[in-house]
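Read the structure below first, then the notes.
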Amino acid sequence: MPPSSASTSAAEAKPAGASGGVQSLERAFDLLERMADAGGEVGLSELAGSSGLPLPTIHRLMRTLVACGYVRQQPNRRYALGPRLIRLGESSSRLLGTWARPFLARLVEETGETANMALLDGDEIVYVAQVPSRHAVRMFTEVGRRVLPHTTGVGKALLAGHPPEEVRALLARTGMPAATDKTITDPDVFLEELAEVRRLGYAVDDNEQEIGVRCFAVPVPDSPTSAAISISGPTGRVTEASTGKVVPVLQDVAAKLSVALANQTPA
């Protein structure tokens, strides 16, 4: 019978130093995040290599997570993220979107274009909040929509903060299908694009997700989960010349949103 959480060793259950937390919980959540970073499925040896924890400790924690439904064991003996995480993720995404909406409204007010917030969820980008432009011709992305990160400004903004080897692994898992004839479909070219994003501090989707649409995006610094905000609109309004006006507004709003998320209070 898999052990319950009450069977965790006393050494794991004691407070974890300066964090003041419970070490077994910190380790369990760390393992879940490492699984997510690896695409959602890993082996024990991989977790041991990346976390530095002893195999017996990892095995005990994983068995507990399996018993609770947060992890499942595959027929090949590897471990995958479990279905009970879905409800937690959906609820937290909705709450994050609620907190973000006042900040997105500021973006719309100052730029005139549709503002979005998106997260990196596994290998995909998921849009969690949007405030539409007041223009009759405007961009619309349904909240909850999932897209591949290589086609979007928010995807570039988020992946720019990841090591190149992790980005290559993600691209190998997802492939790089073209959404338009402007989509980057070569991993080397995409990594060069991410280097430019890091240098400039913002990302651009120039007709790469949809012809006739340009998007500027920046990451939300120190966000509790990988998040980015963006504005998007027709290329006739969102021009290259507008970069100097739009990007500082995006960066300022992202910084203020970061503070609000850290304090867990809306604007």
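Under a model in which nothing but the beta-carbon of Lys, Arg (+1) and Asp, Glu (-1) is charged, segment 120-267 shows a dipole of about 620 debye around its Cα centre.
Scanning the chain for DSSP H helices at least 24 Å long along the axis (C-alpha atoms) with a Kyte-Doolittle mean no lower than -1.0 picks out 84-111, 243-263.
Between residue 136 and residue 55, the FRET efficiency estimated from the beta carbon spacing at R0 = 45 angstrom works out to 0.15. Packing around the peptides 154-162, 105-113, taken as the average count of other Cβ atoms within 10 Å per residue, puts them in this order, highest first: 154-162, 105-113.
Stretch residue 46-residue 174 to full length: gain in nm at 0.36 nm per residue minus the Cα-Cα span?
Between residue 46 and residue 174, full extension yields 44.0 nm more.
Residue ranges 116-128, 167-179, 194-206 sort as 116-128, 194-206, 167-179 when ordered by packing (mean number of other C-beta atoms within 10 Å per residue, highest first). Under 12 Å of direct C-alpha separation, and excluding same-chain neighbours fewer than eight residues apart, residue 182 reaches these aspartates and glutamates: 205, 206, 208, 210. The relative contact order of the chain, computed from alpha carbon pairs under 8 Å that lie at least 6 residues apart in sequence, is 14 percent.
Taking each DSSP H run with n ≥ 4 as -39500 (n - 2.57) and averaging over every residue of the chain yields -14500 deg cm²/dmol at 222 nm.
Bear in mind these aren't lab numbers, they're just calculated from the coordinates by the rules spelled out. Since this is a predicted model, take the numbers as computed values, not measurements. We place every Cβ from the backbone using ideal geometry, glycine too, and count neighbours over all the protein chains shown.
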